[in-house]
Amino acid sequence: MKVLVVGGGGREHALVWKLAQSPRVSRVFAAPGNAGTDGLATNVAVGAEDVDGLLAFARAEGVDLTVVGPEAPLVLGIADRFRDAGLRVFGPTAAAARLEGSKAFCKRIMEKYGVPTAAYQEFDDPAAAKAYIRQRGAPLVVKADGLAAGKGVTVARTVAEAEAAVDEAMVGRVFGDAGARVVVEEFLDGEEASFLAFCDGRTFLPMASSQDHKPVYDGDRGPNTGGMGAYSPAPVVTPELFRRASEEVIRPVVDGMAAEGCPYVGVLYAGLMIKDGRIKVLEFNCRFGDPECQPIVLRMKGDLVPVLEACIDGRLDAVSLEWDPRAAVCVVMASEGYPGSYPKGVEIHGLDTAAGREDVVVFHAGTRRDGGRVVTSGGRVLGVTALGSGVEEAIRRAYGAVGDIRWPGAHHRTDIGRKALDRLAR
Ligand code: AMP
Ligand code: GLY
């Protein structure tokens, strides 16, 4: 079968890498892909949000299965368009993707179906939002309702900061229409974890747990990024919390979305905040996490295609997943200046040496080929991912490979996985 992976980040390279191993797959396309997918897949020069272009390509090429990586095309309705055209696609409809596309919708669903989350109010009027902020007091979290490329959330330590975030979103419109409405919610402290599940509209199959590292610097300091590294499994998600996240978070959402008339088919990603055995949901995403997908896929045994097909066909109860018991760690290497502005076109050295190491896969994100060279083309450039008998060995292997790779201005966190080590040492 021919498979098309939509997107060009580290998550999509990981999906291409996994799908290319399937005995069922004869050909993989990546749109637009990156230097890492090039070779494993055929890169197609169509952007991930060009739904018309993707549909035309899939039709012309006779693509049998399309797997959508990022949220933007899902929120735009790529799954609906492909389905209407009689094409098989893995990912939620636009109505179901509202769980990520609208924070207010997400909060309403959680409230209605009893999913534990922070107390909140939604506002269309900046004066009302600010009055609520003054009444509640800091700390508070202000969230632009719509998609804001991961930048729409402000964790405000003071009332002034929270009010400024309201002005930025609602008055300054720095996130465009995504900030016309805001959600103001209670600040939660604890340790975050990512909990992803395959869903077929009726039932679900949880994946191994994982944890992202959002702030740019060691010790969780500095501004948030798309994610500077991830590992799986996450020891903060104990077997008991795993069971509770399945039953108290994923199940009510899958049932609730079906009851709302928009059954959820695809990957449902719950961002959890865990403290003293208490789980609260920070957000839902309508897709695999990036970079969580990289360590998860490295640990996933067997063929991914039957699982995706079972989701599409509503028979997920007939499949199962096995996980490599080893740990996987992904360290993101980023461009100078990221998450602010950064240069592009900088040549990367040492990729082959790193990729030649045992149990290491160098997933590309913001890279492209330039003649015989591989150069940077984004903020997050590489996700250097390794398996190890435990998280300590996986960390050592991943950082060993990171040490092989060089380009001017490259930076990475040096403490990916440390929370897991700390927890295991307790
Ligand atoms: P979100 O996109 O909603 O997950 O928010 C992005 C990041 O902001 C999360 O990963 C958390 O680190 C932080 N965050 C979001 N909501 C809260 C909250 N209620 N309390 C504390 N931190 C939060
Ligand atoms: N790594 C966070 C996300 O994918 O949203």
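No value in this document is a laboratory result; all are computed from the given coordinates. None of these values were measured; they are calculated from a predicted model. Positions of Cβ are generated from backbone atoms using ideal geometry, with glycine treated the same way; all protein chains shown enter the neighbour counts.
Judged by the gyration tensor of its Cα atoms, with axes a ≥ b ≥ c, the stretch 350-400 is prolate; a/c meets the 1.5 cut and a/b is the larger of a/b and b/c.
FRET efficiency for the pair V174 and R278, taken as 1/(1 + (r/R0)^6) with r the Cβ-Cβ distance and R0 = 30 Å, rounds to 0.35.
In debye to the nearest 20, how big a dipole does the stretch 144-194 give about its Cα centre with +1 on each Lys and Arg Cβ and -1 on each Asp and Glu Cβ?
Details: 4 positive and 11 negative charges, 55 e Å.
Result for the stretch 144-194 is approximately 260 debye, rounded to the nearest 20.
For D125 and T158, the FRET efficiency from 1/(1 + (r/R0)^6), where r spans their Cβ atoms and R0 equals 22 Å, is about 0.55. With 20 Å as the limit on Cα-Cα distance, the pairs of K143/K214; K112/K275; K301/K419; K18/K103; K143/K280; K112/K214 that go past it are K112/K275; K301/K419; K18/K103; K112/K214. Across the options L40, G91, G77, the greatest Cα extent toward the positive end of the charge dipole of the stretch 1-91 (unit charges at beta carbon of Lys, Arg, Asp, Glu) belongs to L40.
The protection proxy used here, the mean number of other Cβ atoms lying within 10 Å of each residue, ranks peptides 126-135, 8-17 as follows, highest first: 8-17, 126-135.
Computed over the Cα atoms, what is the radius of gyration of the stretch 4-115 divided by 2.2 N^0.38 Å, N being its residue count?
On the way: Rg = 14.9 Å, N = 112, 2.2 N^0.38 = 13.2 Å.
Normalised by 2.2 N^0.38 Å, the Cα Rg of the stretch 4-115 equals 1.13.
If packing is taken as the mean number of other Cβ atoms within 10 Å per residue, what is the order of 187-197, 112-122, 322-332, highest first?
Working: 187-197: 19.5, 112-122: 16.5, 322-332: 22.3.
The packing order, highest mean first, is 322-332, 187-197, 112-122.
Only residues of the stretch 66-92 count here: report those whose backbone N is under 20 Å from the spot 7 Å along Cα→Cβ of A149, or say none. From the stretch 66-92, the list is 69-77. Full extension of the chain between A259 and R83 yields a length gain of 61.3 nm, computed as 0.36 nm times the residue separation minus the alpha carbon distance. Projecting the Cα atoms of T117, Y342, A259 onto the dipole axis of the chain, where Lys and Arg carry +1 and Asp and Glu carry -1 at the beta carbon, places Y342 farthest toward the positive end. Just check the chain against the gyration tensor rule for me: Cα atoms, a ≥ b ≥ c as the square roots of the eigenvalues, rounded for a/c under 1.5, and otherwise prolate or oblate depending on whether a/b exceeds b/c. In terms of gyration-tensor shape, rounded. Each peptide in 304-315, 90-101 was scored by the mean count of other Cβ atoms within 10 Å over its residues; highest first, the order is 90-101, 304-315. Helical content alone sets the calculated 222 nm signal of the chain at -8500 deg cm²/dmol, taking -39,500 (n - 2.57) per DSSP H segment of four or more residues and averaging over every residue. If you sort the three axes of the alpha carbon gyration tensor as a ≥ b ≥ c, you get a/c of 1.5 or more for the stretch 140-275 and a/b no higher than b/c, which makes it oblate.
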